[in-house]
Amino acid sequence: MDVAAQYLKDAQDHFAAAAPLIGLDTFPEEQWKAVIFSAIGAEKLLKHLLCRINPCLALKAVDFENTVMTWHADKVINPGKLADLKKKASPDVVTFKISVQRAAHFSAAVGQYAPFLHWLADLRDMAAHRPWAEVNEDHARIALCRDLYVAIEAIAGSISTDVIHLWGSHRSRLQALSAAMAEKLDVSLQMARLLKRHRDGWIERSKDPAVVSAAERTTHNRLAKEPYVEECKCPACGGIALAILKPDVEYSHDKNAEVPVVHVVGASIVAIQCSFCLLRLEKYDQLQHVNASALLARTDDLTVP
């Protein structure tokens, strides 16, 4: 079985483990298990996507030694060279969030659901490292019941993966649950009302030159002084808003260093703030609805200083 197929099998196994634990009346111990299984399944699915294109795309460091030792060691004709290659190689693969960044280059669905995937990655980390009591269980339950199924189905469909095998006998139930939750919690309607309220508010606020001047000054100062802030278009008033970034980091081990070396390899948008119409978007479904990354003034890959 090649590595892409192995990742797909792992994804199927983890989603199959998560599926019976997803529901509106689950207990906390079922919910955190569902989060962990779902997040691992999503990461494996993204790595499957990358490895279908080229297995090297899943590697943290793509160089000759790593490529040969991770995927092609059995093809080396001189066994004596393997020891030297092994000393220089690292089998480390990219993290969940870096997988999202890379896979978004090849799947529009990954880019569309990136805010949800980043949120799921953070929730998995919290489930693994923090007391579950700190989690907003209602928010987590809504995300698992409403958004997980549609996000994973869209991503799997974009790479021609049979989603039936991801959910097994629970597919019909999860599909119906997701549709019912989406109808009950209509994000589109809520966002339309929210954006209109702030758009109308700006019409009134813009009549005061002092308010306009203060908003311009605040925006300029934050862009100049804060490291993890990017200019973007406000989805409500159309003015200059701020995209708040959260750095995505990887760690490498230097034999000469006492602590691991931290590398900032990208960033995700965690909020949009506008000083003109006072809009604040901080929930992943809000950012997903306005396609936050498309609002950025810059067009290159999202990175931070």
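The values are calculated or read from the model by the stated rules, or taken from the named source; none is laboratory data. Since we're looking at a predicted model, the values are computed, not measured. Every residue, glycine as well, gets a Cβ built from its backbone with ideal geometry; the counts of neighbours run over all protein chains shown.
Tally up the residues in the range 77-97 that are under 34 Å from the mean Cα position of the chain (by Cα) and either among the hydrophobic types (A, V, I, L, M, F, W, C) or surrounded by 11 or more Cβ atoms within 10 Å (Cβ to Cβ) (or both), please.
Number satisfying all stated conditions: 12.
Restricting attention to the range 101-132, report how many residues are of a type outside the set (Ser, Thr, Tyr) and free of Cβ contacts under 8 Å to residues at least 60 places away in the same chain. Outline the logic, then answer.
So in the range 101-132, the residues of a type outside the set (Ser, Thr, Tyr) come out as 101-106, 108-112, 114-132.
From the residues that got through so far, the ones that are free of Cβ contacts under 8 Å to residues at least 60 places away in the same chain too are 102-106, 108-109, 122, 125-126, 129-131.
Residues flagged as of a type outside the set (Ser, Thr, Tyr) and free of Cβ contacts under 8 Å to residues at least 60 places away in the same chain within the range 101-132 amount to 13.
Taking into account only those residues within the range 284-305 that are surrounded by 18 or more Cβ atoms within 10 Å (Cβ to Cβ) and either assigned to a loop (DSSP other than H, G, I, E, B) or at positive phi (or both), which is modelled with the lowest pLDDT?
LEU302
Give the range 168-225 a look and list any residue that's under 30 Å from LEU21 (Cα atoms) and aliphatic (A, V, I, L, M), or say none.
If the condition is that a residue be under 30 Å from LEU21 (Cα atoms) and aliphatic (A, V, I, L, M), then LEU174, ALA176, LEU177, ALA179, ALA180, MET181, ALA182, LEU185, VAL187, LEU189, MET191 are the ones that fit.
Just the residues that are among the hydroxyl-bearing types (Ser, Thr, Tyr) and either more than 26 Å from the chain's Cα centre (by Cα) or not assigned by TED's automatic domain parsing to the domain that holds MET191 (or both), please, taken from the range 216-234.
Listed by number, the residues that qualify are THR218, THR219.
Okay, residues lined up against (1) under 18 Å from ALA103 (Cβ atoms); (2) surrounded by fewer than 20 Cβ atoms within 10 Å (Cβ to Cβ); (3) of a type in the set (A, V, I, L, M); (4) out of contact with any Leu (no Cβ under 6 Å at 6 or more places or on another chain):
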| site | (1), (2), (3), (4) |
| --- | --- |
| LEU144 | no, no, yes, yes |
| SER172 | no, yes, no, yes |
| ASP186 | no, yes, no, yes |
| MET191 | no, yes, yes, yes |
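Which helices (runs of 4 or more DSSP H) sit wholly inside the range 108-205 and have at least 1 residues that are among the acidic types (Asp, Glu)?
114-129, 137-142, 148-158, 171-184, 187-205
Let's see how each residue does on (1) part of a helix (DSSP H, G or I); (2) more than 29 Å from MET181 (Cβ to Cβ); (3) in contact with a Phe, Trp or Tyr (Cβ under 9 Å, 6 or more places away or on another chain); (4) modelled with pLDDT under 95:
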{"site": "LEU24", "(1), (2), (3), (4)": "no, no, no, yes"}
{"site": "GLN31", "(1), (2), (3), (4)": "yes, no, yes, yes"}
{"site": "PHE37", "(1), (2), (3), (4)": "yes, no, yes, no"}
{"site": "LYS47", "(1), (2), (3), (4)": "yes, no, yes, no"}
{"site": "CYS51", "(1), (2), (3), (4)": "yes, yes, yes, yes"}
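If I ask for residues that are within 9 Å of the chain's Cα centre (by Cα) and farther than 14 Å from ILE269 by Cβ, which ones from the range 98-120 would you list?
ILE98, SER99, VAL110, LEU120, listed by residue number.
So which of ASP10, ASP74 is surrounded by fewer than 20 Cβ atoms within 10 Å (Cβ to Cβ) and outside the structural domain of HIS139 (by TED's automatic domain parsing)?
That would be ASP74, the only listed residue that is surrounded by fewer than 20 Cβ atoms within 10 Å (Cβ to Cβ) and outside the structural domain of HIS139 (by TED's automatic domain parsing).
Can we say LEU195 is assigned by TED's automatic domain parsing to the domain that holds PRO235, among the aliphatic types (A, V, I, L, M) and crowded, with 18+ Cβ neighbours inside 10 Å?
Yes.
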